[in-house]
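Comments concern the structure below.
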Amino acid sequence: MVMCYAVTLFTSALLLFLIQPMAGKMLLPFFGGTPAVWNVCMVFFQTFLLLGYGYAHFCTKIRQFRRQIFLHFTLMAIGLAALPFSFDTEPPADAIPAIFLLMQLSINLGLPFFIVSSSAPLLQNWFSRTNHPTAQDPYYLYAASNLGSLIALFGYPLLVEPALRLNNQSLTWTLGYILLIALIGTCGLWAFRSSQSKATVRPIPVGEMDGGLDPLNKPSVRQRFFWIFCAFVPSSMMLGTTTYITTNVAALPLLWVFPLALYLTTFILVFARKKLISQAVLARIAPFAAISFAPFFFFSIRISEFFLIYLHLGMFFLIALVCHGQLAAHRPHPRYLTGFYFWMSVGGVLGGIFNTLIAPLLFLQIIEYPLALLLACMVFPKVVTDLEHTQKQKKDLGRLVILSAALMGLFFFKNHIPSGLQHLVFFLVFSASALVCLSCKERRLSFALAVGILLLASAHLAVWDQGQRIYSSRNFFGVKQVVADRESGIHYLYHGTTVHGAQRIDSHGEITPLTYYHPLGPAADIFNISRSSNVQRKVAVIGLGVGSLASYARPGDHFTFFEIDPEIEGIARNERFFRFLSTIQGNFEVVLGDGRLTITKAKSGEFDVIVLDAFSSDAIPAHLLTREAVAIYLDKLAPEGILLFHISNRFLNLEPLMAGLAKELGLRCLIRDDNRIAKSLEKTGFLPSTYAAMGRPESKIRHLKDNPHWKEIHPAVKPMVWTDQFSNLIQLLK
């Protein structure tokens, strides 16, 4: 009997978490591959999970057990009508991204996902009705459910994604849904027969379970709020970690699943029958980890970005383990099992809504991510019972006031501190703040306040180290900042942690392109080739940035910039920040919308050069680099035209993809790796880059053969091709 329930719960969780990366990947192309798509999807999944738990809670209140089973089977049968699922509706130009995505998911996936999501609490409740010896504590079955979720998350990028096209993935999921109906039918029949023959139910003695709740007493309102809070914090931090990783690496399901997989792993560990990690051990580790990690919300390690990602994942795992451990330690009697899962799900949904819908309106920076750590400090387990708790809290308050006053004084005079002493100042500030944190680590509220001061100090020092922030904005597509370097006078546009263009603003009105577009780099080579004739050029650029490439326009040229983020257009047009567009020698227009979707409206053979430069931070919008996408660009390219791909990336090697696309479409491809640029040039605003140029054999790309910087792709590079139905990131990781 136990095995039957475990297999059914495993299967339902497998389906539930296979559909998440599947749906996210289908929806990514509609909004340029921005990582925010995943966060909106997570809000949908969490909301419908809450609805599923609410339905399970309602269903268990039906007195006649046979009616419960009949109702559930009826809904599962109706859910078949929505399968197999797909997303074919393109968003209108004026669509609000989050609302559009939520509507598409609700219409196409709502009912099947709702039904499958109710399986875990409903089946555990059914199992508690049986006469099995472990029926009085069915929480351990939750581990089987989360194991299925974990296998689904890793199985998708490693097995499902490489083996099946998207439409076949949907069909396979439908077959799994039919199998689940049969398994749940078996469990329902077993539970019905067992409940009929079950004479009495042995009540669990008070205190036998970790929660220690009397089965005759309902959980209090305070207890329910505690469940909500403990579920809210890791849910919020999971989305914060996901945003960090997908913004700085790639917006692909492979990277989305890591935080979610760790999230589920913590449930497996804390709800297991044998505790592998005690709360006492976590109580001693967590404060030291929180203090050490605080600066890394704001500072990046350029020489080892992957190490930084591991650090973020590790800290999230620890916080989730602490919070979910508190949930497990305060779980109620099985009589209130469905209610427990419902309130726990409420916390998860609130965390998702806060990060995805509320935080972008409240904060101009990703404040919600470090805020989750701050809130987690308030639920860290107590190490000891302190009889002098109140007296020590007063001393804590005194230390915190002194530290705050000292930091405020330091930051007030920061402009008078020489730049060479910045690292020393940071070390002193961190050391002083860390010592105060450690002195009150056994008192939750005091410790949380101390960590809050440390986070604020780190955030302030990060801005000081980067330069003067003169503009900041945030929308669905992420955080954009314009930062002025005090010494060079250069304005930089940051999207996430990556520079997306720069210009030196001075009285001379210099319009020399900097960063990856400088006059000595690969982009300049392509525009110099097309200068050889007096014909007026038409250039398409997918990805506006600050408009750096507009500096290569001649009188009579026409540049069309395709940009999905309206905020970027506003920044590029603002002469106080950047002047490439306002000083362009030719004509230009900005077309808002996803580059691949909007360029299809252009005439065949219209453009002499098409530049692909639409990466958000280091994230790769996979739908812009598929065989079908490049075929669209070729149709819009003049016979002698050149396709230019900006493939600079800290994490991914895109040369195999370039080689495969060129071979598949009969194009010639050359690569220029400019990553060995001199340090002296970096100080002037020049940044290293890698570009791939493609064109038909008879196109102007043939003129690059005499340029020693441009090379054929090495024969040892194994070509690979992405399509609209297939893309896989693993093979491209450096």
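Of note:
- Per-region count, the range 476-493, residues of a type in the set (Gly, Ala, Ser), in a strand (DSSP E or B) and in contact with a Ser or Thr (Cβ under 9 Å, 6 or more places away or on another chain): 1
- The set of residues in the range 697-734 being in a loop (DSSP other than H, G, I, E, B), within 26 Å of GLY605 (Cα to Cα) and without any contact (Cβ under 8 Å) to a residue 60 or more places away in the chain consists of PRO697, GLU698.
- The one condition in (1) touching a residue at least 40 places away in the same chain (Cβ under 8 Å); (2) in a loop (DSSP other than H, G, I, E, B); (3) farther than 30 Å from LEU493 by Cα that GLU628 fails to fulfil: (2)
- When each of THR598, THR560 is tested for being without any contact (Cβ under 8 Å) to a residue 40 or more places away in the chain and closer than 23 Å to ILE647 by Cβ, the lone residue that passes is THR598.
- Condition broken by GLU655, with the remaining ones in (1) among the charged types (D, E, K, R); (2) in contact with a helix residue (DSSP H, G or I) (Cβ under 8 Å, 6 or more places away or on another chain); (3) in contact (Cβ under 8 Å) with a residue 60 or more places away in the chain satisfied: (2)
- Each residue in the range 320-345 was checked for being farther than 26 Å from ALA283 by Cβ and of a type outside the set (S, T, N, Q), and 6 of them qualify.
- Restricting the range 584-600 to residues that are under 24 Å from the mean Cα position of the chain (by Cα) and not in a loop (DSSP other than H, G, I, E, B), the residue that is surrounded by the fewest Cβ atoms within 10 Å (Cβ to Cβ) is LEU592.
- Within the span defined as the range 84-94, every residue fails to be touching a His at 6+ places or on another chain (Cβ under 8 Å) and in contact (Cβ under 8 Å) with a residue 60 or more places away in the chain.
- Screening TYR633 on (1) in a helix (DSSP H, G or I); (2) buried (at least 20 other Cβ atoms within 10 Å of the Cβ); (3) over 30 Å from the mean Cα position of the chain (by Cα) shows it passes everything except condition (3).
Throughout, read-outs are computed from the coordinates displayed, never taken from laboratory work. None of these values were measured; they are calculated from a predicted model. Neighbour counts run over all protein chains shown; Cβ positions are idealised from the backbone, glycine included.
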